[in-house]
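One structure is given here, and the rest of the page talks about it.
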Amino acid sequence: MNMILILLAAGVSLMIGAVLIFKPALVIELQRSFYLLINWRIEPISMAKEIRNTRLMGVFLVSVVLLTVLYLSFWRGWWLR
């Protein structure tokens with residue numbers, strides 16, 4: 001059961017990371033829409049920097065998830081459980 005939950009969380013995280021990498025403008029607009037709902041207005045100073053940073057966040061997320069799954073599966077003998 002734990003393995004299934006970890007794989008599910010890893011899959012969802014990889015999908016979120018892919019969206020951050022390939023659709024950063026959509027993610028920024030979703031964030032802006034959410035903040036408007038709670039009566040906050042946010043505006044990036046530089047949209048180009050915001051898009052670059054969003055993509056980098058996606059690359060970081062995908063990297064961490066892949067490294068974690070590799071660590072659990074190979075070095076910790078995850079498949080033996």
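The values are calculated or read from the model by the stated rules, or taken from the named source; none is laboratory data. Values in this document were obtained by computation on a predicted structure and should not be read as measured data. Every residue, glycine as well, gets a Cβ built from its backbone with ideal geometry; the counts of neighbours run over all protein chains shown.
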**OP:** Return only the number of the condition from (1) more than 10 Å from the chain's Cα centre (by Cα); (2) in contact (Cβ under 8 Å) with a residue 12 or more places away in the chain that residue 74 does not satisfy.
**Re:** (2)
Original post:
Does at least one position in segment 21-36 carry a residue that is among the polar types (S, T, N, Q), more than 23 Å from residue 11 (Cα to Cα) and over 21 Å from the mean Cα position of the chain (by Cα)?
Top reply: no
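In the set 7, 61, which member is in contact with a helix residue (DSSP H, G or I) (Cβ under 9 Å, 6 or more places away or on another chain) and modelled with pLDDT under 95?
Checking each option against the conditions leaves just 7.
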